[in-house]
1. Being more than 7 Å from chain A (Cβ to nearest Cβ) and either touching an Asp or Glu at 6+ places or on another chain (Cβ under 9 Å) or among the aromatic types (Phe, Trp, Tyr) (or both) is the filter here; which residues of region B:319-349 pass it?
2. Which strands (runs of 3 or more DSSP E) does region A:114-204 wholly contain that include 2 or more residues that are buried (at least 22 other Cβ atoms within 10 Å of the Cβ)?
3. Within region B:44-77, take every residue that is surrounded by 21 or more Cβ atoms within 10 Å (Cβ to Cβ) and part of a loop (DSSP other than H, G, I, E, B) and give me the one that is nearest to the other protein chains (Cβ to nearest Cβ).
4. Please specify each residue of region B:20-43 satisfying the condition of being under 23 Å from B:GLY77 (Cβ atoms), away from chain A (no Cβ under 14 Å) and of a type outside the set (Gly, Ala, Ser).
5. Only one of (1) open to solvent by 10 Å² or more (accessible area, probe 1.4 Å); (2) touching a residue at least 60 places away in the same chain (Cβ under 8 Å); (3) out of contact with any Lys or Arg (no Cβ under 7 Å at 6 or more places or on another chain); (4) more than 28 Å from A:VAL43 (Cα to Cα) fails for B:LEU101. Which number is that?
6. Mind telling me which of the residues A:GLY287, A:GLY266 ends up being open to solvent by less than 20 Å² (accessible area, probe 1.4 Å) and not acidic (Asp, Glu)?
7. Suppose we keep only residues that are of a type in the set (Ser, Thr, Tyr) and open to solvent by less than 30 Å² (accessible area, probe 1.4 Å) within region A:335-376. Which one would you say is farthest from A:VAL40 (Cα to Cα)?
8. Residue under question is A:MET212, and the condition is that it be among the aliphatic types (A, V, I, L, M) and under 21 Å from the mean Cα position of the chain (by Cα); does it hold?
2 protein chains.
Amino acid sequence: MKFDLLHTDEHSKARAGLITTDHGPIETPIFMPVGTVGSVKAVTHEQLTKEIKAEIILGNTYHLYLRPGTEILRQAGGLHQFSNWPKPILTDSGGYQVFSLAANRKIKEEGVLFQSHIDGSKHLFTPENVMDTQRAIGADIIMAFDECPPYPSEYAYAKQSMELTHRWLTRCVQHFANTSPLYGYEQALFPIVQGSTYKDLRVQSAQFIADMDCEGNAIGGLSVGEPEEMMYEMCALCCEHLPVDKPRYLMGVGTPWNILENIALGIDMFDCVMPTRNGRNGMLFTGKGVINIKNKKWATDFSAIDEDIDCYTSNSYSKAYLRHLFVAGEILAMQIASIHNLAFYLHLVKQARAHIIDGTYTQWKETMVPILKQRL
Amino acid sequence: MKFDLLHTDEHSKARAGLITTDHGPIETPIFMPVGTVGSVKAVTHEQLTKEIKAEIILGNTYHLYLRPGTEILRQAGGLHQFSNWPKPILTDSGGYQVFSLAANRKIKEEGVLFQSHIDGSKHLFTPENVMDTQRAIGADIIMAFDECPPYPSEYAYAKQSMELTHRWLTRCVQHFANTSPLYGYEQALFPIVQGSTYKDLRVQSAQFIADMDCEGNAIGGLSVGEPEEMMYEMCALCCEHLPVDKPRYLMGVGTPWNILENIALGIDMFDCVMPTRNGRNGMLFTGKGVINIKNKKWATDFSAIDEDIDCYTSNSYSKAYLRHLFVAGEILAMQIASIHNLAFYLHLVKQARAHIIDGTYTQWKETMVPILKQRL
């Protein structure tokens, strides 16, 4: 994996870059649609490519480990082959899902014991076997195994958790170095900054992570319930201590305005279930604000969902039709809303990149943020 | 609407034809995907055009009348405009749904009183207002209001029901003649042969319907639980008495082998929810037989769903991946299976047409039917 930093904004920390993987290039800043169990919910891979223009998608190690399981993925030749997705993939480490979905988890030095949310079967995730699982999945970018503490966390717990994450990171890096990719292309390992909402812990963690000298770095444990201003503060602090010449990935964030604000702080990569999950519930993000398409006011609005972005689905179906599909409980409603929201997110980061390159990012961002937040 | 009969098979009653509507041509025999409330379930209109190669889709008057309602459809300029579907549409009359879905229905000479299955609200369908509703929907082909008796029905009931359907037909034809299309293109009215499984009633009904001299004719009340052989017998009888120079539409049929058998009897048009409904439950139709994709035997079958038809989805996703999506409960499973099954149905009728034209239909049909029925 290669990262070229092409341009840095003069008035903020926003950056335009280019990540090169064996499955193709990724122009940063980038948003990565979440493909939980090897499928971005309600979206085909053709739509991801042609309509949404996704450059990289995310897979969840926890979900893929449980279903279809590493044995099938290994036989298929990895997730790219299995799911018919030729572009880059990033997998998380499973840590977040173990803490948010699994039952009866026990955190030990060795790793985490948990029960599957599907059938109650018992499993152990360790830094080493999570590296092995991500080798079997075969993502281009894989994540270190971490503990993601909830918000709020006591200082003592946050510190102890961060230290465990650091010890696990050392084991991840070592096991990653001792193993090889399985399918003939390279994989890059990103470590994750933790430290909850404590400034000194965040600085300490960012420095520890930076010292590991991995090919990119991530910030975890944010957007878990803390106020937006606190997220921005923590993110800014982490970015200050993470190397400039490597991509920075803010995990699980966020709204369109969160993305623009965090780009301004120096973030290059984002993922979030919001465009798909909220889309399935009828919330649409547009360049003019947020739409609740189930609202009666759209019943006779025959204008296109969004004419301002380059996406067939957004341009062709009307608001009235989409509202009708939601009211009637049609699956197509979820498909259209998911495609539109993801296309909008990709459009937004592409616009951000253009503004960073032409030196107008900060001004544009200040104008856009209040518009994006509007309820239409 | 224009119907050109291009070729008739020498060894059967199979026909190849061409229907021309103001929204484009339809090559017959044709299968029409069912777009219940203005959406073929889990399929986008782009996929219908490019992957499935649908030439005409069906809308259900009962569903569209309840949601979004005729007022919104009128404001939108009809269902084509509302749903962004530029090709031909056929709407049923609502009769079938009133009898299968609605509650507390009361059949009177005037029409049918019923309560909506959605909110219990009371409605009256009459031959006249069903014509008005289908004028507002704006389908290219619309259906007469009929009563569809269940199987089995007593002779006396079947006869009385058929006679009511005939009286309603006279009123439909009259009201249709007294009203005009609303959106600047022509609509054709098809009457429906009823008569349950009684030969004399079917003959009587087919003759009555033929005498109305409409632009096409339909056969209803079959594939409602009777043995397949009885369906074929009734269908053959009706076809004998329906004019040769007009398209014949067998409503709600059926499996791939049902379609091939009925084509041999002289049917030109089909619709059925089976490819989409069964698809959503993991049943796939292919040229080699029927697949239950949830079966464990497909877990490591990395071959394409179907390489023998011209459809990106069928050619690109593997059986193992589709099985995984079903097991994991992903929406994409229903999308892929629906697209594949519809593409296969359209492929099948296209193949049938080619064999009719080159004179090999009967031989091909005899070979195909047992293969299509196989469980893989």
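1. Once the filter is applied, which keeps residues that are more than 7 Å from chain A (Cβ to nearest Cβ) and either touching an Asp or Glu at 6+ places or on another chain (Cβ under 9 Å) or among the aromatic types (Phe, Trp, Tyr) (or both), region B:319-349 yields B:LYS319, B:ARG323, B:PHE326, B:ILE339, B:HIS340, B:LEU342, B:ALA343, B:PHE344, B:TYR345, B:LEU346, B:HIS347, B:VAL349.
2. Strands (runs of 3 or more DSSP E) meeting the threshold: A:141-143, A:188-190.
3. Applying the filter and picking the extreme gives B:PRO68.
4. Those that are under 23 Å from B:GLY77 (Cβ atoms), away from chain A (no Cβ under 14 Å) and of a type outside the set (Gly, Ala, Ser): B:THR20, B:THR21, B:ASP22, B:HIS23, B:PRO25, B:ILE26, B:MET32.
5. For B:LEU101, the failing item is (2).
6. Exactly one residue qualifies, and that residue is A:GLY266.
7. Looking at residues that are of a type in the set (Ser, Thr, Tyr) and open to solvent by less than 30 Å² (accessible area, probe 1.4 Å), I get A:TYR361.
8. Criteria not met by A:MET212.
The values are calculated or read from the model by the stated rules, or taken from the named source; none is laboratory data. The structure displayed is predicted, hence computed values, not measured ones. Every residue, glycine as well, gets a Cβ built from its backbone with ideal geometry; the counts of neighbours run over all protein chains shown. Just so you know, the surface numbers come from the protein's heavy atoms only, side chains and all, with ligands and any DNA or RNA stripped out. Shrake-Rupley method; radii C 1.70, N 1.55, O 1.52, S 1.80 Å.
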